[in-house]
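The values are calculated or read from the model by the stated rules, or taken from the named source; none is laboratory data. If you're wondering where the values come from, they're calculated on a predicted model, not measured in any experiment. No Cβ is skipped: glycine too gets one built from the backbone with ideal geometry, and neighbour counts run over all protein chains shown. Note: areas computed on protein heavy atoms with side chains; ligands, DNA, RNA excluded. Shrake-Rupley method; radii C 1.70, N 1.55, O 1.52, S 1.80 Å.
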Amino acid sequence: MLLIKSAYWGALLIVVAMAMTSFSLLQQMIAAQQRDQALLEMISTQKALSQRVVFLTNAANSVPREEQPPILMALRAANTEFEQSYDRMLKRLEASPDSSETLDPTTLESVLFAKPYHLDYFSTQLAANGWRFLSAFESQLGTGTSSSGYKAGLERVRLDNSIASAALAGYSALGDRIEAQANQRVTAMLDRHRTLFYAILGAIVLIAVFIFRPMSKMILRKTRELVEARNSMAFIAVHDGLTGLHNRAFLTDHFGTLIDNAKRRGERLAVVQFDLERFKQINDSLGHAAGDRVLVAAAQRIRASCRASDLCVRLGGDEFVVVLSGAGTTEDINAVVQRILGRLSQPVIHQGTTIHPAASAGVAVYPVDADNADDLLLHSDQALYSAKKSGGGLVLFSEELRLELENLKRLENDIKRAIATESFRVYFQPQVSLTTDAITGIEALVRWQHPERGIVSPGEFIPVAEKCGLMAAIGRIVIAKAIRKAAAWHREGIEFGRLAVNVSGTELREADFDRFLFETLEKEGLPVEKMSLEIVESVILDDEKSGIAAKLRRIRAAGVHLELDDFGTGYASLSHVSPSEIDRLKIDRRFVQNIDANGDNTKIVRAITELARGLGIAIIAEGAETEKELDFLMSIGCDQVQGYSIAFPMPHDEARAWLLARAAKMPALKVVSRACA
């Protein structure tokens with residue numbers, strides 16, 4: 001682009017220079033023509049004056065005496081003008097008798113000062129004879145201004161016509177010579193103009209070929225690129241960048257029109273939401289490239305299974321929506337959805353790895369289940385949620401689901417009110433060492449005492465809170481209350497090891513989470529080394545783009561311990577399981593329960609324990625409930641445990657009493673009966 005611009009301005013300067021040169025040459029030619037024209041007029045005047053001088057002298061000789069004075073006056077004026085005009089002509093010609101150009105027969109100087117014309121000599125002689133003639137006649141008439149007068153006779157001053165003829169011939173030759181030079185100059189000037197004209201034409205052609213043509217192509221290319229970019233932006237605005245399906249924005253804009261069309265035609269319209277099963281596991285275990293490959297394949301299969309009139313949309317993540325126009329009967333809808341589910345369950349090959357995806361579907365039908373876009377999407381999503389809870393497959397929205405949805409809405413509103421009033425309670429479950437009987441930590445667990453429903457299980461309200469984006473607010477309430485209670489124990493000198501609090505990826509993605517954590521610790525007076533954050537494997541797998549990894553490094557560098565919760569159930573990379581990132585691994589309860597009778601669990605727990613020991617990372621088993629499980633864990637080297645065999649989750653007062661009692665007595669570990677809880 002810079003080269004073309006430079007060439008353009010360079011070519012423009014060349015054309016301008018050529019045009020200025022042409023104009024300058026034209027001005028020079030006009031000036032020369034004007035000068036030559038003035039010289040020719042002067043020569044013509046000299047020729048006329050020379051003839052007038054001769055004519056007046058002859059007239060003075062032929063008229064009576066009394067008529068001579070006016071003729072003599074006219075002769076004086078003509079002779080004076082002849083001399084003056086001749087001097088002006090010589091000055092204009094800048095001619096000199098000493099110039100070497102007098103020897104060149106083609107020059108003006110040769111006409112003036114050399115053979116055969118000697119114009120200067122004959123002009124001077126003609127003027128001198130005229131003055132002698134006047135002086136003689138004035139002396140004879142007694143009217144002369146000279147005191148001496150002319151003494152010779154009149155016959156001595158008669159003008160010789162040969163001098164006048166020679167002068168006239170010289171002036172004619174001088175005029176011809178000037179005209180010839182002018183013609184030569186014009187011819188040369190025209191030749192230069194012609195050459196310059198052709199040069200300008202050539203420059204214009206070269207500019208057109210090498211500058212304007214590439215420039216026009218570039219402009220055309222840039223215009224095409226702008227049009228393509230505009231079209232691409234318009235496409236991206238309503239399409240998903242990965243799969244090419246329509247996006248949520250397009251669905252929002254056009255859903256109402258689809259409902260209006262169905263209403264006008266008296267047709268049913270089905271909204272089907274799909275969700276890929278185990279998609280997160282595919283991403284975590286095989287990488288995002290494999291996940292993208294599955295999404296693209298799913299989109300292609302959905303599109304291929306639908307009609308051109310059906311709307312296929314990717315909502316985001318692994319969620320898709322298909323709007324079936326003219327859906328027909330419930331059996332027709334089932335057949336279409338089952339066909340799509342069948343295609344979605346077909347294997348996907350990625351870099352030699354066979355991936356076996358699966359999907360669930362939820363269906364809501366207009367006008368049976370709802371008559372507006374928002375409710376149709378909400379009801380199909382509820383049906384999808386029900387399908388996933390039941391293990392996958394297809395679920396149609398029903399009255400039962402409507403009642404469940406209403407309950408979920410009420411639960412969501414109750415959660416919001418509980419957040420506003422900070423009604424969530426914190427229970428504590430101790431963690432102990434089997435070797436030393438010392439308390440190594442205490443985990444803070446959330447509980448909710450509903451004013452009408454009583455205790456609501458975390459497994460019931462936490463998924464709803466996560467889905468509604470309320471988990472971060474609940475997490476902050478739990479963290480603040482847990483730190484407050486732990487700080488009080490610390491001030492009382494009650495030993496509790498470290499306070500462990502579960503944090504989700506949603507909480508860690510909040511920009512001010514670390515500031516909130518440290519401000520709360522400082523405000524309540526709990527040392528940072530007494531604080532531990534439990535994160536699940538999916539959080540530690542989060543890449544650097546979200547900022548979670550960097551935030552965790554800052555938190556750990558400040559002295560807070562990090563623990564990997566539910567280890568063994570996810571797909572954590574071993575590169576993250578290192579002493580530089582993790583302080584303790586928590587073995588999930590599903591591997592601990594019945595470990596003494598389940599050989600596979602034994603091998604898994606033994607392998608995890610040896611891995612942690614080899615890396616220098618502490619390890620704790622969660623969910624130990626029997627003496628046999630405790631003994632077995634002790635035998636394989638996992639001496640830190642947490643579970644019902646030690647203590648059940650307790651409210652603050654009971655936990656405080658438990659900690660005080662244990663600190664005073666330090667009894668041997670004894671399995672606690674569930675009935676005692």
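Taking the stated definitions as given, is residue 370 part of a loop (DSSP other than H, G, I, E, B), among the aliphatic types (A, V, I, L, M), crowded, with 21+ Cβ neighbours inside 10 Å and in contact with a helix residue (DSSP H, G or I) (Cβ under 9 Å, 6 or more places away or on another chain)?
Working: part of a loop (DSSP other than H, G, I, E, B): yes; among the aliphatic types (A, V, I, L, M): yes; crowded, with 21+ Cβ neighbours inside 10 Å: no; in contact with a helix residue (DSSP H, G or I) (Cβ under 9 Å, 6 or more places away or on another chain): yes.
The answer is no for residue 370.
Output yes when any residue across the range 410-419 is open to solvent by less than 10 Å² (accessible area, probe 1.4 Å) and modelled with pLDDT of 90 or more, and no when none is. If you could, list the steps in order and put the result at the bottom.
Of the residues in the range 410-419, the ones open to solvent by less than 10 Å² (accessible area, probe 1.4 Å) are 411, 415, 418.
Narrowing further to those that are modelled with pLDDT of 90 or more: 415, 418.
Yes, the range 410-419 has at least one match.
Checking residue 457 against (1) among the hydroxyl-bearing types (Ser, Thr, Tyr); (2) modelled with pLDDT of 90 or more; (3) closer than 28 Å to residue 644 by Cβ: exactly one of these is not met. Which one?
(2)
Can you tell me which residue in the range 477-511 is farthest from residue 384 (Cα to Cα), limited to those that are within 38 Å of the chain's Cα centre (by Cα) and in contact (Cβ under 8 Å) with a residue 40 or more places away in the chain?
If we filter the range 477-511 for residues that are within 38 Å of the chain's Cα centre (by Cα), which is where we start, we get 503-511.
With in contact (Cβ under 8 Å) with a residue 40 or more places away in the chain added as a condition, the list becomes 505-506, 508.
Details: 505: 24, 506: 23, 508: 28 Å.
So the residue we want is 508.
For the range 238-268, which residues satisfy the criterion of being exposed (fewer than 11 other Cβ atoms within 10 Å of the Cβ) and farther than 20 Å from residue 370 by Cβ?
Correct list: 241 only.
From the list 626, 602, which residue is open to solvent by 30 Å² or more (accessible area, probe 1.4 Å), modelled with pLDDT under 85 and β-branched (Val, Ile, Thr)? Break it down into steps so the answer makes sense when it comes.
On the way: 602 fails: open to solvent by 30 Å² or more (accessible area, probe 1.4 Å).
So the residue among 626, 602 that is open to solvent by 30 Å² or more (accessible area, probe 1.4 Å), modelled with pLDDT under 85 and β-branched (Val, Ile, Thr) is 626.
What do you reckon, is residue 360 assigned to a helix (DSSP H, G or I) and either farther than 24 Å from residue 244 by Cβ or open to solvent by less than 70 Å² (accessible area, probe 1.4 Å) (or both)? Lay out the reasoning, then the answer.
Numbers: assigned to a helix (DSSP H, G or I): no; either farther than 24 Å from residue 244 by Cβ or open to solvent by less than 70 Å² (accessible area, probe 1.4 Å) (or both): yes.
Judged against the criteria, residue 360 is not a match.
Within the range 281-301, can you find the residues that are within 33 Å of the chain's Cα centre (by Cα) and either open to solvent by less than 10 Å² (accessible area, probe 1.4 Å) or among the small types (Gly, Ala, Ser) (or both)?
287, 289, 290, 291, 294, 295, 297, 298, 299
Restricting the range 402-423 to residues that are among the polar types (S, T, N, Q) and in a helix (DSSP H, G or I), which is farthest from residue 358 (Cα to Cα)? Outline the logic, then answer.
Of the residues in the range 402-423, the ones among the polar types (S, T, N, Q) are 407, 413, 421, 423.
Keeping just the survivors that are in a helix (DSSP H, G or I) gives 407, 413, 421.
Working: 407: 29, 413: 33, 421: 42 Å.
Looking at residues that are among the polar types (S, T, N, Q) and in a helix (DSSP H, G or I), I get 421.
Look through the range 376-401, keep the residues that are part of a helix (DSSP H, G or I) and without any contact (Cβ under 8 Å) to a residue 24 or more places away in the chain, and return whichever of them is least open to solvent (accessible area, probe 1.4 Å). So that I can check it myself, show each step before the final result.
To start, the set of residues in the range 376-401 that are part of a helix (DSSP H, G or I) comprises 376-389, 399-401.
Add one more test, that the residue is without any contact (Cβ under 8 Å) to a residue 24 or more places away in the chain, and what stays is 385, 389, 399-401.
Values: 385: 70, 389: 126, 399: 115, 400: 139, 401: 9 Å².
Residue satisfying both the conditions and the ranking: 401.
Where in the range 497-590 are there helices (runs of 4 or more DSSP H), lying fully within it, with 3 or more residues that are at pLDDT 90 or above?
On the way: elements: 505-509, 513-524, 537-540, 548-557.
Helices (runs of 4 or more DSSP H) meeting the threshold: 513-524, 548-557.
Go through the range 461-471 and give me each residue that's assigned to a helix (DSSP H, G or I), aliphatic (A, V, I, L, M), touching a residue at least 24 places away in the same chain (Cβ under 8 Å) and closer than 28 Å to residue 653 by Cβ.
Those that are assigned to a helix (DSSP H, G or I), aliphatic (A, V, I, L, M), touching a residue at least 24 places away in the same chain (Cβ under 8 Å) and closer than 28 Å to residue 653 by Cβ: 465, 471.
Quick check on the range 269-280: of everything there that is under 35 Å from the mean Cα position of the chain (by Cα) and not in a strand (DSSP E or B), which residue is surrounded by the fewest Cβ atoms within 10 Å (Cβ to Cβ)? Step through it out loud before you land on a result.
We begin by selecting, within the range 269-280, every residue under 35 Å from the mean Cα position of the chain (by Cα); these are 273-276, 279-280.
Add one more test, that the residue is not in a strand (DSSP E or B), and what stays is 279-280.
Working: 279: 19, 280: 16.
By that ranking, first place goes to 280.
Just for the range 89-128: of the residues that are among the basic types (Lys, Arg) and assigned to a helix (DSSP H, G or I), which one is least open to solvent (accessible area, probe 1.4 Å)? Don't jump to the end; show me each part of the working.
Going through the range 89-128, the residues among the basic types (Lys, Arg) turn out to be 91-92, 115.
Imposing the further condition that a residue be assigned to a helix (DSSP H, G or I) reduces the set to 91-92.
Values: 91: 161, 92: 104 Å².
Checking each candidate, the answer is 92.
Could you grab the pairs with beta carbons closer than 7 Å, sequence gap of 6+ or different chains, first residue in the range 64-88 and buried (at least 16 other Cβ atoms within 10 Å of the Cβ), second one at pLDDT below 90 and assigned to a loop (DSSP other than H, G, I, E, B)?
So the pair list comes out as 71/63.
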